[in-house]
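Data block below; observations after.
The values are calculated or read from the model by the stated rules, or taken from the named source; none is laboratory data. Note that this is a predicted model, so its numbers are computed, not measured. No Cβ is skipped: glycine too gets one built from the backbone with ideal geometry, and neighbour counts run over all protein chains shown. Only protein heavy atoms, including side chains, enter the accessible area calculation; ligands, DNA and RNA are left aside. Shrake-Rupley method; radii C 1.70, N 1.55, O 1.52, S 1.80 Å.
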Amino acid sequence: MGRTTKRFRDFSVQTKLTVLAATAITLAVSVACAIFVVLDVRRISASKATQLTAIAETLSTNSTAAVAFGQQDAAEELLAAIKGRHTIDIACILDADGSVFAIYRRFGDQADFHPQSVTLGAHYGDDGFLDVAVPIIDDGDRLGTLILRETTADLGQARTTHILAAAVVLAISIIIGVFASSHLQDSVTAPILRLASTAQKISQSEDCAIRVHHDSDDEIGILYRQFNGMLDRVQSREKAVIQASQRLQELNQALEQRVAERTSELEQSNAALQNQIEAKDLATKQLQNTHAQLLEVSRRAGMADIANGVLHNIGNVLNSLNISANLIDERLRNVKLANLEKAVELLLQNEDDLAEFLLRSDQGKILPRYLGKLSDSMRDDQRSILNEIESLASNVEHIKDIVRAQQSHAGAFGVMEQLQPAALFEDAIHFVHDSFSKHNVEIVRDYGQVPAIEIEKSKAIQIIVNLIKNAKESVLEHDSDVKRVTLRLEQSGDDVCFQVSDSGTGIAADRITTIFSNGFTTKKDGHGFGLHASATAAVELGGRLSVHSEGIGQGATFTLLLPVSIRTRHKALAG
């Protein structure tokens, strides 16, 4: 459809007008012919039914006496009189009971004809016949029914004749219409073709002084006047463009002279600026080196803090191991083996008469009770030694856990891992747990449902350990009975929020903005690298570190926001 429409658009105006005229004539004449054929066929059908009904009524009147007196031969003779009308195939008379009284068939017996099913009136059937039934009445009494069946083949012939006539009329109308439109369309197409020819001539010669002339006031005349007005405006603009071009050339020459002067000045300025840029690049490299050194110092300081925590934890466990070993040694030295040996010696001395010894002698009578008490005592010693051995094994496993945790972080810089945030908090607690227990500082865990994060574990652990360690020191410095550090986990959009809150000394409002500055510290022995390095590491991990405090004595909350995936965050920032 689209390709046909495009081809039609490419036709000439004359061809389009001819096609449109032929199409309009075809549609109009087709509709008129269709209406004529339908109406005429209906008229012929109604006339045929009227004629057959009149014949049936005449026969009905003439057959009244034959039906009334039961003269079947006379009735059949009367029906045979219609053989002169060749289109009637069957004539039938039914008596008052609906039985066939007399019948005439042009073509012999027709088994598919059932006169009892025909109702009064004229009816066209689907089988190609017209059935007419009229009552036979005598003095107001209905004696029977007369039925005629006529073929409708002549209607089909009439319909075909009308259609052929309509087709001939349609063809003649199209020929006449196309011929007339082809002679009349010159008055419409000639001005359009003249305008197209003028436009093509202007395009080829680029001469906007050419004009078209048309005296009519119709739409084409308006089009001609608008076309000439457009040419006037184009010609005016061409003159303006020529004048502007000349002015532009003059300005261009002046501009070239000024550009040459400014170029000389810029070359001098550029040389001076280049010297400044080289000096700035040198200062930037020095600043980057200094920053890298500070990061390395802060990383080593963080690793030293973790190592000190590890050594402190191992030292506490070794003290417990020493106590357990001393208790085991003391228990083993106090085991009552000498008493057991004496009892065994008595039994061996009286081995030949053991029953007499146990029943008659004073020593034999008390020996079983003595052995029972000795067994209970040795069982208690055994249980105590086993408990100490279990404690010893537990402390050894504790040392292994501490060393294993430290080994998992040492040398892991730059490695991205998929970790549970709660596991990061728990690993950090391992490093400071004994210090918290020693000073009776309570650790409260408030972990919400958060997703796993993709993170560089070593950096994250250093940040969290530093925050927890600072929180403990703040709690110990504050003179309060409540010594508590709360660890919270919650999700904030695409980030996981790590919060370390303490009930310590708090932070003054004027120090909130400078607490992450390099070298800033409130401790007597502090170096000012911890929080600055933690904030820098948080940014390197794609997150940020912030702090909130209601003031002195109100505690503080440090919040570490880390993305669920640092790669996704970097891609978003790059985009």
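Efficiency by 1/(1 + (r/R0)^6): what FRET value for Asp40 and His86, r their Cβ-Cβ distance, R0 = 25 Å, to the nearest 0.05?
0.65
Evaluate E = 1/(1 + (r/R0)^6) for Arg360 and Arg484, where r is the Cβ-Cβ distance and R0 equals 51 Å; express this FRET efficiency to the nearest 0.05.
That gives a FRET efficiency of 0.10.
Roughly speaking, what is the stretch gain from Glu341 to Ile192, that is 0.36 nm per residue apart minus the C-alpha to C-alpha distance, in nm to one decimal?
39.6 nm
With each label point set 7 Å from Cα along the Cα-Cβ vector, what nm distance links Thr50 and Arg233?
According to this spin-label approximation, the distance is 7.1 nm.
How much of Leu371 can a 1.4 Å solvent probe reach, expressed as accessible area in Å² and rounded to 10?
60
Compute the distance in nm between two label points, each set 7 Å from the Cα along the Cα-to-Cβ direction, one at Arg383 and one at Ser205.
With each label point 7 Å from Cα toward Cβ, the separation is 12.9 nm.
Please work out the ratio of the alpha-carbon Rg of region 58-128 to 2.2 N^0.38 Å and round it to two decimals.
The value comes to 1.11.
Ranked by accessible surface with a 1.4 Å probe, highest first, in what order do His86, His532, His114, His433 come?
Output order, biggest surface exposure first: His86, His114, His433, His532.
Starting from the residue with the highest accessible area, list Arg369, Arg445 in decreasing order, probe 1.4 Å.
Sorted descending by solvent-accessible area, the residues read Arg369, Arg445.
Each residue of region 372-389 in order: what ³J(HN,Hα) in whole Hz does its phi give by Karplus 6.51 cos²θ - 1.76 cosθ + 1.60, θ = phi - 60°, with x for Gly and Pro?
Per residue, the Karplus-derived 3J(HN,Hα) values read x, 5, 5, 5, 4, 5, 5, 5, 5, 4, 5, 4, 5, 5, 5, 4, 5, 5 Hz.
Which of the three applies to region 439-486, rounded, prolate or oblate, going by the alpha-carbon gyration tensor with a ≥ b ≥ c and a/c under 1.5 meaning rounded?
oblate
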